[in-house]
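Participant: Encoded as structure tokens, here's the structure I'll be asking about.
The values are calculated or read from the model by the stated rules, or taken from the named source; none is laboratory data. Keep in mind that what you see is a predicted model, and the values were worked out from it rather than measured. A quick note on method: Cβ atoms are made from the backbone with ideal geometry, for glycine too, and the neighbour counts reach across all protein chains shown. Remember, those area values only see protein heavy atoms, side chains included, never the ligands or the DNA or RNA. Shrake-Rupley method; radii C 1.70, N 1.55, O 1.52, S 1.80 Å.
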Amino acid sequence: MSIHAVLLPVPAADAPPGEGLKQVAAVEAAHVEHVLGHADLAEAPEVYAVGYRSQETTRKHYLLARDTEGQAVGYASVRMPLKDNLSVAHVFPSWLPGSAPEKQVYDALWTECLPLIETGGRSVVHSWTMHPAVDVGHGWVEPQSGVGRLGRDDRADWLESQGFVLEQVEIASTLTVTADLITSAGEVIAAADGTAYKVRSWLGPTPPELRGEMARLRARMSIDAPSAGMEQEDEHWDEAEVVRVDRVRDEWGRDYATAVALGPDGQPVAYSELAHPRDRPQVAIQDDTLVHGDHRGHGLGLLVKAAALTELTRNVPALRRIHTWNAAENTHMLAINRRLGFVPLGVTGAWQLRRG
Ligand SMILES: CC(C)(COP(=O)(O)OP(=O)(O)OC[C@H]1O[C@@H](n2cnc3c(N)ncnc32)[C@H](O)[C@@H]1OP(=O)(O)O)[C@@H](O)C(=O)NCCC(=O)NCCS
């Protein structure tokens, strides 16, 4: 079977997503459901359109793979940061389960991705891909980090055949939101009363007076979270970037619940944020959680996570599930998540290719 990949155009401002991006959304939804067994992460085509139009700090490309009959069989996105990490391209290949042979789809996509990566001057390629957490009959792939493993599947085989190295494994976990959980989150917040730290939380954009310190904390997130052998410089953040990201998140149709712990000088020293897609009231995705290095060991990670959860459930009572991903070696974060009740359900591989 012959597969051909094409580059999709960036949709014009305010134009609805074209047929190509609709197929991208459909492939991704089917792929994720195939691997994880649920549709919580399926995004509407409009979300892809908003993301694709936003090219200020990251150059983005979407490629769609079709078979000879013109049926979509896979897609890939290519992202190249423009303000930092200038040697790195992020490539996410995805295959429509049950369609053309998986490796053939990735081959066709990769052929079209390579010139984009070349033109972008990128010497390193990163890919994050979901895999089984169990042995599906082909053994295991162990990461360079030495912690965790993933079940070998066609995607792992294909990545290795292209020279990608599995640097790190992330554990995908889900938390079921219950009345008991909300009560115990409230108890964690109450227990912080009378300590040196105060909690503040909000839904939506960052309060203007906190933008500067939030920019500094967000920049730390890019280097403090364990990234094993994945090449990673600190990201460029400033107040303008905080405002821009808040705007794009709103355009994406996401409400963010953010909680911070304020230190003795009233400035944030820890934060956690939950992304809530407005079209799926039952679902949230855990985004960053970070405690500044000078303030670790006071339970602030648990505190800000409990406060973000409380903020979100107060605004979205229908919330039922929170999904998160953590490096297998991030024992501190995994311990906090276990305490909250997150259950591991899958794994993601962090793959790296060093070119030439
Ligand atoms: C995960 C994180 C938020 C936990 O911080 P925390 O809430 O202060 O952790 P705890 O209060 O539970 O601390 C437990 C112990 O681990 C220590 N600790 C916590 N994080 C640590 C780290 N990254 N490195 C070394 N020690 C750490 C604490 O000092 C404490 O030690 P103690 O018991 O001897 O006092 C924090 O490690 C962090 O910000 N890491 C970087 C960002 C990150 O990985 N985020 C998650 C990405 S998925």
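Participant: Look through the range 167-208, keep the residues that are acidic (Asp, Glu) and in contact (Cβ under 8 Å) with a residue 24 or more places away in the chain, and return whichever of them is surrounded by the fewest Cβ atoms within 10 Å (Cβ to Cβ).
Facilitator: 167
Participant: Same structure again: Of all residues in the range 242-273, count the ones that are more than 13 Å from the ligand (Cβ to nearest atom) and of a type outside the set (Lys, Arg).
Facilitator: Number of matching residues: 18.
Participant: Right, here's the next one. When residues of the range 264-283 are filtered for being farther than 21 Å from residue 211 by Cα, open to solvent by 50 Å² or more (accessible area, probe 1.4 Å) and not basic (Lys, Arg), how many remain?
Facilitator: Result for the range 264-283: 3.
Participant: For the list (1) buried (at least 18 other Cβ atoms within 10 Å of the Cβ); (2) farther than 22 Å from residue 347 by Cβ; (3) at pLDDT below 95; (4) not hydroxyl-bearing (Ser, Thr, Tyr), I need the number of the one condition that residue 66 fails.
Facilitator: Of everything listed in (1) buried (at least 18 other Cβ atoms within 10 Å of the Cβ); (2) farther than 22 Å from residue 347 by Cβ; (3) at pLDDT below 95; (4) not hydroxyl-bearing (Ser, Thr, Tyr), residue 66 misses just condition (3).
Participant: Looking at (1) out of contact with any helix residue (DSSP H, G or I) (no Cβ under 8 Å at 6 or more places or on another chain); (2) open to solvent by 30 Å² or more (accessible area, probe 1.4 Å); (3) more than 15 Å from the ligand (Cβ to nearest atom); (4) not polar (S, T, N, Q), find the lone condition where residue 355 falls short.
Facilitator: Every listed condition holds for residue 355 apart from (1).
A quick yes/no check of all residues on (1) among the basic types (Lys, Arg); (2) under 16 Å from the mean Cα position of the chain (by Cα); (3) farther than 28 Å from residue 127 by Cβ:
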position: 209; (1), (2), (3): no, no, yes
position: 217; (1), (2), (3): no, no, no
position: 220; (1), (2), (3): yes, no, no
position: 225; (1), (2), (3): no, yes, no
position: 235; (1), (2), (3): no, yes, no
position: 240; (1), (2), (3): no, no, yes
position: 243; (1), (2), (3): no, no, yes
position: 250; (1), (2), (3): no, no, yes
position: 262; (1), (2), (3): no, no, yes
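Participant: Could you grab me the full set of residues in the range 134-166 that are open to solvent by 60 Å² or more (accessible area, probe 1.4 Å), at pLDDT 95 or above and either of a type in the set (Ser, Thr, Tyr) or more than 25 Å from residue 109 (Cα to Cα) (or both)?
Facilitator: 140, 142, 144, 146, 149, 161
Participant: Is it the case, given these coordinates, that residue 337 is part of a strand (DSSP E or B) and over 21 Å from residue 246 (Cα atoms)?
Facilitator: Against the criterion (part of a strand (DSSP E or B) and over 21 Å from residue 246 (Cα atoms)), residue 337 does not qualify.
Participant: So, restricting to helices (runs of 4 or more DSSP H) that lie completely within the range 132-231, which ones have at least 1 residues that are more than 22 Å from residue 339 (Cβ to Cβ) and among the hydrophobic types (A, V, I, L, M, F, W, C)?
Facilitator: Correct list: 154-161, 211-224.
Participant: Let me ask something else about it. Which of the residues spanning the range 258-283 are farther than 19 Å from residue 323 by Cβ and not in a strand (DSSP E or B)?
Facilitator: 263, 264, 265, 266, 267
Participant: Taking the range 284-330, which residues are within 13 Å of the ligand (Cβ to nearest atom), part of a loop (DSSP other than H, G, I, E, B) and either more than 19 Å from residue 130 (Cα to Cα) or open to solvent by 20 Å² or more (accessible area, probe 1.4 Å) (or both)?
Facilitator: 292, 296, 297, 298, 299, 329, 330
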